[in-house]
Amino acid sequence: MPSRKFADGEVVMGRWPGSVLYYEVQVTSYDDVAHLYTVKYKDGTELALKESDIRSQSSFKPRKSQSSSSSPSRRSSSRSRSRSRSPGRPAKGRRRSASQSREHKDDKKKTTQETSLALPVLVLFKPSENNTKRYNGEPESTEKNATSCIILEQKLKPDLEIKRVLEQYSLRPRKDDKKKEEIYSEKKTFVAVKPIEKVSTKTKELEFGGRIGIFMLILLLPATVFYLLLMCKQDDPSLLNFPPLPALESLWDWRVFGVCLLWFFLQAAFYLLPIGKVVEGLPLSSGRKLQYRINGFYAFILTAAAIGVLLYFEFELHYLYDHLMQFAVSAAAFSLALSIYLYVRSLKAPEDELAPSGNSGYFIYDFFTGHELNPRIGSFDLKYFCELRPGLIGWVVINLAMLLAEMKIHNLSVPSLSMILVNSFQLLYVADALWNEEAVLTTMDITHDGFGFMLAFGDLVWVPFVYSLQAFYLVGHPITITWPVAAAITVLNCIGYYIFRSANSQKNNFRRNPADPKLANLKFIPTATGKGLLVTGWWGFVRHPNYLGDIIMALAWSLPCGFNHILPYFYVIYFICLLVHREARDEHHCKQKYGLAWERYCQRVPYRIFPYIY
């Protein structure tokens with residue numbers, strides 16, 4: 001085994017991945033198995049580098065400038081070379097005068113200086129290049145407008161033109177160009193033949209309480225869903241009134257399970273329809289971008305048309321209300337089977353396709369968080385499909401079934417005002433998510449988390465059967481509210497929706513195109529990754545304004561259920577806990593990713609979700 005070259009604590013020069021730039025770093029540790037050095041940049045960013053990407057500081061010391069007086073041997077060699085006249089040298093009969101020679105030397109020196117000045121500008125200020133010093137706030141100004149990229153590009157045009165002209169009219173001998181081409185082709189061939197080393201990025205920090213916490217969650221999540229559904233069936237759904245356990249045989253119905261499978265594959269068929277635009281997601285760790293078809297809203301319209309046809313032929317949709325527990329059990333069984341399939345197929349997935357959060361080496365942990373980042377069957381992306389389609393649209397269908405069940409059970413000609421509000425608010429939320437389907441490509445679920453039991457159960461069971469809890473509660477416990485109260489709740493929901501949508505749109509537009517003229521008024525803190533952290537607009541108000549809007553809407557969904565029981569408020573309580581935990585995960589992830597720039601952002605925006613509170 002080769003011995004290590006650099007010691008822990010040694011200050012060296014490390015190459016920034018994907019560039020030719022070297023920066024001062026400190027060696028923190030060395031992995032004997034992978035032969036990788038863990039180095040720390042000045043902004044706090046830690047990366048694993050190969051030994052070939054690290055050099056000692058002495059190799060970067062500036063060389064002494066050559067003296068104007070050459071050595072005798074050099075002068076003699078220059079005399080011998082002068083006998084062979086170059087294309088740019090005048091003939092013997094046309095000797096230059098001393099003044100012309102000096103002018104020629106001055107012009108040549110001036111051209112060389114211009115070239116040397118133009119090229120560093122291209123290297124240091126190229127927009128797509130990662131420059132650690134520049135992005136860590138060391139320049140005079142650490143905040144920039146989104147139009148800075150456009151201005152910079154205009155400034156670089158003259159330099160690019162100079163470089164092009166110099167290359168076109170270069171006086172360098174053709175032999176040198178030929179040699180460089182040969183060397184370049186040799187390097188190219190060498191790189192093509194040499195196999196690329198793939199480094200496995202193991203998950204070092206376990207979340208959710210580690211393996212024991214994960215095991216408890218796998219048991220607790222289904223139990224919570226079944227407990228909430230049983231409580232809603234109770235005449236007195238108070239916390240102290242524990243519901244009786246149903247017989248096991250009453251929890252399973254093969255017909256219901258068949259309906260669940262039919263629903264899943266119907267949505268899959270809608271997903272595969274060649275309608276809607278195809279977009280690219282964010283770059284993966286390998287630099288590759290996956291393609292996604294955006295047709296969720298079309299699937300929603302087609303589903304609504306199918307439901308309308310069923311109602312026209314007098315299909316009793318309140319069948320869902322009568323067998324809701326059986327539907328939940330069937331969906332849980334299907335999500336478990338899907339999770340097992342996902343884990344088994346992930347064992348054969350390449351290392352660069354594994355999720356950074358689910359590659360711990362522990363079966364129970366990787367099974368829960370998801371071992372593979374983007375499992376696909378051909379072009380069918382399983383995680384992206386389940387994120388919005390079966391569960392989210394199924395949530396709206398269950399709400400509609402609860403509305404029809406309320407009318408039938410209580411002999412109403414029209415639904416109650418409380419039921420109308422709950423259905424309307426949640427319908428708006430789902431329609432908005434599907435209309436802005438492309439925005440989900442920048443979320444943590446898609447870019448960071450693998451697809452395992454956590455997302456499979458959450459998308460297919462938790463979302464449709466827990467998020468519809470208010471509508472299910474109102475069927476057995478009707479609440480009468482006045483029009484002024486309904487108007488106040490509607491205003492509250494609109495405020496939450498406005499914050500949620502405008503904050504998400506602002507973030508997504510900035511991530512897609514920071515140089516968009518519409519975003520010229522936004523200021524941001526540059527980071528070492530090339531991305532910017534917004535410090536104006538909604539993201540200068542709190543760090544997660546979209547979470548704030550989500551929580552306000554969740555409260556508006558629960559208020560139509562009155563204050564007789566805490567059960568319909570389970571959603572808003574759970575949602576606050578979920579978003580606070582997700583914010584903590586995001587905080588930890590961003591601190592590792594952005595280093596010192598994230599600390600500056602936190603100083604500029606001190607509140608996380610609730611302004612002046614948290």
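The values are calculated or read from the model by the stated rules, or taken from the named source; none is laboratory data. Just so we're clear, the structure is a prediction, and the values are computed from it rather than from any experiment. Cβ sites come from the backbone with ideal geometry, for glycine too, and all protein chains shown count toward neighbours. Remember, those area values only see protein heavy atoms, side chains included, never the ligands or the DNA or RNA. Shrake-Rupley method; radii C 1.70, N 1.55, O 1.52, S 1.80 Å.
Before moving on, here are some points about what is shown:
- Shape of the range 481-613, Cα gyration tensor, a/c cut at 1.5: prolate
- Placing unit charges on the Cβ atoms only, positive for Lys and Arg and negative for Asp and Glu, gives the range 10-58 a dipole magnitude near 180 debye about its Cα centre.
- A straight chain from L284 to N241 at 0.36 nm per residue would run longer than the Cα-Cα distance by 10.5 nm.
- Rolling a 1.4 Å probe over the heavy atoms of the protein chains gives the range 432-476 an accessible area of 19 Å² per residue.
- Gain upon complete extension [H448, I409; 0.36 nm per residue less C-alpha separation]: 9.5 nm
- Carbon/sulfur fraction of accessible area - the range 10-58, other protein chains in place, 1.4 Å, %: 47
- Semi-axis lengths, largest first, of the ellipsoid equivalent to the range 364-437 are 35, 14, 10 Å, with √(5λ) applied to each eigenvalue of the Cα gyration tensor.
- Rounded to the nearest 20 debye, the dipole magnitude of the range 481-613 is 520 debye, with +1 charges on Lys and Arg beta carbons, -1 on Asp and Glu beta carbons, and the Cα centre as origin.
- Separation in nanometres of the label points that stand 7 Å from Cα toward Cβ, at D253 and Y614: 4.0
- Taking label points 7 Å from Cα along the Cα-to-Cβ direction, V485 and Y607 give a separation of 2.9 nm.
- Debye intensity ratio in log₁₀ form over the Cα atoms of the range 330-455, taken at each q of 0.09, 0.18, 0.20 Å⁻¹: -0.36, -0.95, -1.07
- For the range 227-312, the relative contact order comes to 18 percent (Cα pairs under 8 Å, sequence separation of at least 6).
- What separates the Cα centres of the range 432-503 and the range 257-293 is a distance of 21 Å.
- Low-density loop cleavage sites - GluC sites (Glu not before Pro) in the range 257-326, where at most 11 other Cβ are within 10 Å (DSSP): E314
- Considering only L469, P350, Q426, and ranking their Cα positions along the charge dipole of the range 210-480 that arises from unit charges at the beta-carbon of Lys, Arg, Asp and Glu, the one farthest toward the positive end is P350.
- For the range 224-366, the residue among Q234, A269, G287 whose Cα projects farthest onto the positive side of the dipole built from Cβ charges is G287.
- Label zone at L272, where the point sits 7 Å out along the Cα-to-Cβ direction: the range 362-386 residues whose backbone N lies under 20 Å: 375-386
- In the frame of its principal axes, the range 210-480 has Cα extents of 60, 44, 32 Å, reported largest first.
- Cα gyration tensor shape of the range 265-378, rounded if a/c is under 1.5, else prolate or oblate by comparing a/b with b/c: oblate
- Counting 0.36 nm for each residue step from K348 to L261 and taking away their Cα separation leaves a gain of 28.7 nm.
- Around the amide H of E372, modelled in the peptide plane, lie the amide H atoms of A355, F451, all under 5 Å away and 5 or more residues distant in sequence or on another chain.
- Ordering 296-309, 556-569, 45-58 by mean Cβ neighbour count within 10 Å, with the highest value first, yields 556-569, 296-309, 45-58.
- Portion, in percent, of the accessible area of the range 481-613 that falls on carbon or sulfur, probe 1.4 Å: 64
- Percentage relative contact order, the range 10-58, counting C-alpha pairs under 8 Å, at least six apart: 35
- Cα gyration tensor category, rounded, prolate or oblate, for the range 10-58 with a/c compared to 1.5: rounded
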